[in-house]
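J.: This is the structure, below, for whatever I ask next.
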Amino acid sequence: WKATWISALLGVGYLGYSIYDESKPKANQVKHSELTPSGNKKKNLVILGSGWGSISLLKNLDTTLYNVTIISPRNYFLFTPLLPSVPTGTVDLKSIVEPVRTITRRSNGEVIYIEAEATSIDPATKTITYKHTKDHEGNPVDSRFETSISYDYLVVGVGAKVGTFGTPGVDKHACFLKEGYDSTKIRRKLLDCIEQANLLPEDDPERKRLLTTIVVGGGPTGVELAGELQDYVEQDLSRWVPTIAPQIKVTLLEAMPKILAMFDKTLIDYAAQILAESNIDLQTNTMVKKVDETNVYASVKQADGSSKMVTLPYGLLVWATGNATREVITDLFKKIPEQANARRGLLLDDYLKVQGSDDIYALGDCTFTKYAPTAQVAHQEGVYLAELFHNLAKVDELKFELSKSVLDTEKTNKLNRKLTRASKLEPFKYVHFGALAYIGSEKAIADLTWKDWQTFQSGGLFTYIFWKTAYVSMCLSVRNKVLVCVDWSKTAIFGRDTSN
Ligand code: FAD
Ligand code: NAI
């Protein structure tokens, strides 16, 4: 008992201290300045984006070494792995976001944050043009005020947008699951459909349509969302709207023969079995070709190799078919000859430098590398770039020292040796720890890797507990960790609510 009490007290003490430590701004933050303390010119480092890559860089960077400016239309970091849990209210959106300014005020050097979208990057003049383009619900705003900033070094971490592959009607009629406001839209639409259906007689086909949710894309985003939606129906709507819940149908459409392509085959089969057992209508070999206000039109591949067109009415449509390149990146392709063949993202060298440029680096989903576009990759790239920028600053400082005055041979040799050491940096090396996904019905799958060759696959309830533990530990701040645990406890005790 004594040990338990002592551990509990230590735990609470640690938590209290962490919260206090995270909430206080850094005292004596080094301000932006023209020169470093030694008199060298301080370089301007501009970072685009506030996602996994850019925030990982920012958190690991010694921000006193540069004048750091971060430009992003989203004034918070979003913990995307738990985003599929938000539309159903399993987790609250505010629990998985961390304001950029909370992060910047904890830096040891001043970091200026500008809430805007970079509209153009000009490598010739080393300038970024930016403006305010969207409100906080993602609606376009007509801002005529466009301005620019110059950089010595630029890090591009603008992520990707949802790929629609030009499928007609998707942009107009489908919801996405990429940003925080997307999850709010999905929730409102789902609850609106349920309330509208509630007004109609049971045999009305319009009622059936309204109660059908179609998720397009059997990647992890689509599967996790479908699983969460079905949990909501089974565990909560069945209690709050018992007459409607049995008629709510979640359909998952996938163009390929299998879902979750990046997982091991045994896990793919296990996930498909769990989806079927939980009444999710999984339709593989079904490629959506067109969408209108009430129907999805898809081509279904038959066993004999032929295709058949089907029409599927829906009330709520969520489109989750992977990534596409943002306009600011496709525009940059045209300005750097070495990027002329780039299509799916910026091409990089082994040090994450944009090919054909001396001062532009990039990371995360806006790049095209041999790695999958995941948070895990973007995070490790951010850590690597922080180290690279420490080295660059050191090299710069040593070169300045060498050029400053006439030094004796011994000092020059010493500085040269230091310079050689500082100039050496290993190329970026990604360490893959594996993949995790929630598949609904309180089950998850894990495809874990270590030492590049050993793998371990598991699925079920224990993997779900592991999934929860892993994701809480990965949350950005103690505040996020606490809030997510509180949300899960609230859901377990009181259930999810039906208010929008
Ligand atoms: P993002 O995190 O998308 O950040 C991009 C940033 O750039 C944003 O702040 C955005 O506002 C900003 N931006 C956009 N345009 C501009 C512009 N023009 N100028 C300036 N800033 C701009 N990966 C995993 O490894 N595990 C998971 O469990 C997982 N779950 C996911 C769940 C969902 C629902 C989604 C959508 C993705 C998930 N991912 C997961 C993938 C992961 O989120 C991405 O790979 C990761 O976010 C990429 O990081 P990033 O920094 O490149 O981009
Ligand atoms: P994805 O690219 O992984 O999957 C998209 C799926 O949509 C594919 O299976 C594709 O065949 C299908 N598709 C494409 N067009 C279609 C159409 N017209 N009709 C029907 N199906 C169509 O995309 P997702 O899930 O958005 O993931 C994006 C990235 O984020 C991936 O790299 C993924 O690994 C990562 N991610 C990881 C998660 C995790 O590890 N738990 C969770 C969510 C995303």
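Each reported figure results from applying straightforward, stated rules to the coordinates on display, with no laboratory input. Here the structure is a predicted model, which means the values were calculated and not measured. Because the Cβ atoms are built from the backbone with ideal geometry, glycine has one as well, and the counts that use them run over all protein chains shown.
J.: Work out which helices of the chain, taken as complete DSSP H runs, extend at least 30 Å along their axis over the Cα atoms and score a mean Kyte-Doolittle of 0.0 or more, then list them.
T.: Values: long enough: 2-23 (31 Å, 0.37); 375-404 (43 Å, -0.14).
Within the chain the helices that satisfy the rule are 2-23.
J.: Tabulate in residue order the Karplus-calculated ³J(HN,Hα) for the range 63-68, using 6.51 cos²θ - 1.76 cosθ + 1.60 with θ = phi - 60°, rounded to whole Hz; enter x for Gly and Pro.
T.: So the Karplus estimates, Gly and Pro as x, are 6, 7, 7, 9, 8, 9 Hz.
J.: Here is a further query. How would you classify the range 425-500 from its alpha-carbon gyration tensor, with a ≥ b ≥ c the square roots of the eigenvalues: rounded for a/c under 1.5, else prolate if a/b is greater than b/c, otherwise oblate?
T.: The shape class here is oblate.
J.: Given the pairs Lys185/Lys334; Lys43/Lys185; Lys131/Lys399; Lys42/Lys424; Lys41/Lys418, which are separated by over 31 angstrom at their Cα positions?
T.: Listed pairs above 31 Å: Lys185/Lys334; Lys43/Lys185; Lys131/Lys399.
J.: What ranking do 246-259, 213-226, 191-204 get when scored by the average of other Cβ atoms within 10 Å per residue, highest first? Please report the intermediate quantities before stating the final value.
T.: Numbers: 246-259: 19.5, 213-226: 25.8, 191-204: 14.3.
Taking the mean over residues of other Cβ atoms within 10 Å, the ranking is 213-226, 246-259, 191-204.
J.: Related question: Once amide H atoms are built 1.01 Å from N in the peptide plane, which residues 5 or more positions from Glu117, or in another chain, come under 5 Å H to H?
T.: HN-HN under 5 Å from Glu117: Lys131, His132, Thr133.
J.: Then there is this: In whole angstrom, how long is each semi-axis of the equivalent ellipsoid of the chain, when you take the square root of 5 times every eigenvalue of its Cα gyration tensor and sort them from largest down?
T.: That gives 44, 27, 22 Å for the three semi-axes.
J.: Among the listed pairs Lys161/Lys490; Lys161/Lys370; Lys189/Lys290; Lys172/Lys289; Lys161/Lys451; Lys308/Lys370, which have their C-alpha atoms separated by more than 25 angstrom in this model?
T.: Lys161/Lys490; Lys161/Lys451; Lys308/Lys370
J.: Kindly put Lys289, Lys2, Lys308 in sequence by how many other C-beta atoms sit within 10 Å of each C-beta, fewest to most.
T.: In order of increasing Cβ crowding within 10 Å: Lys2, Lys308, Lys289.
J.: Quick check on the range 253-365: of the DSSP beta bridges with both residues there, what percent are antiparallel, nearest 5%? Could the numbers behind the result be given before it?
T.: Working: 14 of 15 bridges.
Approximately 95 percent, going by the DSSP bridge assignments.
J.: Using modelled amide H (1.01 Å from N, peptide plane; none on Pro or chain starts), what sits under 5 Å from the amide H of Tyr76, excluding residues fewer than 5 places away?
T.: Result for Tyr76 returns Val100.
J.: Just want the answer: with Cβ charges of +1 for Lys and Arg and -1 for Asp and Glu, which residue in Ile268, His390, Gly89 is farthest toward the dipole's positive end in the chain?
T.: It is His390, whose Cα lies furthest towards the positive end.
J.: Roughly how many debye, to the nearest 20, is the charge dipole of the chain about its Cα centre, given +1 on each Lys and Arg Cβ, -1 on each Asp and Glu Cβ, and no other charges?
T.: The calculation lands at about 1280 debye.
J.: Something else now. Could you tell me what percent of the DSSP beta bridges with both partners in the chain are antiparallel, to the nearest 5?
T.: 60 percent
J.: Please state the shape class of the range 320-398: rounded when a/c is under 1.5, otherwise prolate if a/b exceeds b/c and oblate if not, all from the C-alpha gyration tensor. Write down the numbers at each step before the final one.
T.: Numbers: a/c = 2.70, a/b = 1.38, b/c = 1.96.
Note, shape of the range 320-398 comes out oblate.
J.: I've got another one for you. What ranking of Trp240, Trp488 emerges when the number of other C-beta atoms within 10 Å of each C-beta is taken as an exposure proxy, fewest first? Write down the numbers at each step before the final one.
T.: On the way: Trp240 13, Trp488 16.
Starting with the residue having the fewest Cβ neighbours, the order is Trp240, Trp488.
J.: Among 83-93, 369-379, how do they line up from the highest to the lowest mean number of other beta-carbon atoms within 10 Å?
T.: Put in order of decreasing packing, that is 83-93, 369-379.
J.: Kindly identify the range 325-473 as rounded, prolate or oblate by the Cα gyration tensor criterion: order the square roots of the eigenvalues as a ≥ b ≥ c, call it rounded if a/c is under 1.5, otherwise compare a/b with b/c, prolate if a/b is larger, else oblate. Provide the component values of the computation, followed by the final result.
T.: Numbers: a/c = 3.49, a/b = 1.76, b/c = 1.98.
Judged from the Cα gyration tensor, the range 325-473 comes out oblate (a/c at least 1.5, b/c at or above a/b).
J.: OK, next. How high is the relative contact order of the chain, in percent, counting Cα pairs under 8 Å that sit 6 or more residues apart?
T.: 18 percent
J.: Beta carbons within 10 angstrom, averaged per residue: use that to sort the peptides 154-167, 410-423, 332-345, highest first. Walk me through the numbers before you get to the answer.
T.: Working: 154-167: 21.1, 410-423: 13.0, 332-345: 15.8.
Going by the mean number of other Cβ atoms within 10 Å, highest first, we get 154-167, 332-345, 410-423.
J.: Based on DSSP H runs of at least 4 residues, each adding -39500 (n - 2.57), what is the mean residue ellipticity at 222 nm of the chain after dividing by all its residues, to the nearest 500 deg cm²/dmol?
T.: Helix contribution divided over all residues of the chain: -11500 deg cm²/dmol.
J.: Could I ask something else about it? Based on the Cβ-Cβ distance of Lys424 and Ile112, what FRET efficiency does E = 1/(1 + (r/R0)^6) give at R0 = 35 Å, to the nearest 0.05?
T.: Numbers: r = 32 Å, r/R0 = 0.90.
Efficiency for this residue pair is about 0.65.
J.: If you don't mind, there's one more thing I want to ask. Let's see if you can work this out: charge +1 on each Lys and Arg Cβ, -1 on each Asp and Glu Cβ, no other charges. What is the dipole magnitude of the range 21-102 about its Cα centre, in debye to the nearest 20? Don't jump to the answer; show the numbers that get you there.
T.: Details: 10 positive and 6 negative charges, 64 e Å.
In debye, rounded to 20, the range 21-102 gives about 300.
J.: Charges only on Cβ, +1 for Lys and Arg, -1 for Asp and Glu: so what's the dipole of the range 104-214 about the Cα centre, in debye to the nearest 20?
T.: That gives a dipole near 200 debye.
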